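Below: one structure, written as structure tokens.
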Amino acid sequence: HLLKKNKVTVIMGEARLTGPGTVTVKTDKGSEELTSKAVVLATGARARALPGLEADGDLVWSYKHALQPVRMPKKLLVIGSGAIGIEFASFFNTLGADTTVVEVMDRVLPVEDEEISSFAKKQFLKSGMKILEKTTVKKLDRTPGKGVVAHLEDAKGT
């Protein structure tokens, strides 16, 4: 609705900026060169699959499973605090899940400005979320009907 209201044209395809205000878009119908005062490339985001921590849709979810959960989790461990991970962590935490975020870097939202990251972390902690920085998930032990035990390692190797 907002796109139509603001006269934004959405074209799905592979795009390349070819000059000031000019973009060439390759769609399944061919290529087209477009010009505009403003061009927005909405590239989207993809979550990474981590070796040994693959999603099964039951005990371990990918972002796709989290978009359409079959049940509300009581406890949730989110691996990664980038835009996708932190958004899901915040969402499920708000809905009442006991939520812990594990981030390998030294701060949440690691690609954002440090001030923004620090402010966001304070708000997440205030909301009851737990955040473990400089920590990796080494292994997941899955027990159907019971849950998952995550083996974590911090920067000190413990």
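Test of understanding: among Ala55, Ala66, Ala38, which residue is surrounded by 10 or more Cβ atoms within 10 Å (Cβ to Cβ) and in a loop (DSSP other than H, G, I, E, B)?
Numbers: Ala66 fails: in a loop (DSSP other than H, G, I, E, B); Ala38 fails: surrounded by 10 or more Cβ atoms within 10 Å (Cβ to Cβ).
After applying the criteria, what remains is Ala55.
Please pick out the residue among Lys26, Lys75 that is closer than 15 Å to Leu140 by Cβ and surrounded by 10 or more Cβ atoms within 10 Å (Cβ to Cβ). Can you show your working first?
Details: Lys26 fails: closer than 15 Å to Leu140 by Cβ.
The unique qualifying residue is Lys75.
Restricting attention to the range 78-91, which residues are surrounded by fewer than 20 Cβ atoms within 10 Å (Cβ to Cβ) and of a type in the set (Gly, Ala, Ser)?
Scanning the range 78-91 gives Gly82, Ala83, Ser90.
Picking from Lys64, Lys146, Lys134, which residue would you name as being out of contact with any helix residue (DSSP H, G or I) (no Cβ under 8 Å at 6 or more places or on another chain), at positive phi and among the charged types (D, E, K, R)?
Working: Lys64 fails: at positive phi; Lys146 fails: at positive phi.
It is Lys134.
Which of the residues spanning the range 100-147 are touching a residue at least 40 places away in the same chain (Cβ under 8 Å), surrounded by fewer than 15 Cβ atoms within 10 Å (Cβ to Cβ) and either under 21 Å from the mean Cα position of the chain (by Cα) or not in a strand (DSSP E or B) (or both)?
Lys139, Pro144
Residues of the range 1-27 being in a strand (DSSP E or B) and not polar (S, T, N, Q), which ones? Spell out how you get there, then give the answer.
Residues of the range 1-27 that are in a strand (DSSP E or B), as a first pass: 14-19, 22-27.
Residues satisfying the conditions are Glu14, Ala15, Arg16, Leu17, Gly19, Val23, Val25, Lys26.
Being more than 30 Å from Met12 (Cα to Cα), out of contact with any Leu (no Cβ under 6 Å at 6 or more places or on another chain) and not assigned by TED's automatic domain parsing to the domain that holds Arg142 narrows it down to one residue among Gly57, Gly30, Gly52; which is it? Working first, answer last.
Details: Gly57 fails: more than 30 Å from Met12 (Cα to Cα); Gly30 fails: more than 30 Å from Met12 (Cα to Cα).
Just a single option satisfies the conditions, and that option is Gly52.
Can you find even one residue in the range 85-93 that is assigned to a loop (DSSP other than H, G, I, E, B) and in contact (Cβ under 8 Å) with a residue 24 or more places away in the chain?
Filtering the range 85-93 down to residues assigned to a loop (DSSP other than H, G, I, E, B) leaves none.
Scanning the range 85-93, I find no residue that is assigned to a loop (DSSP other than H, G, I, E, B) and in contact (Cβ under 8 Å) with a residue 24 or more places away in the chain, so the answer is no.
The values are calculated or read from the model by the stated rules, or taken from the named source; none is laboratory data. Bear in mind the structure is a predicted one, so any value in this text is a computation, not a measurement. Note that we place each Cβ from the backbone using ideal geometry, even for glycine, and neighbour counts take in every protein chain shown.
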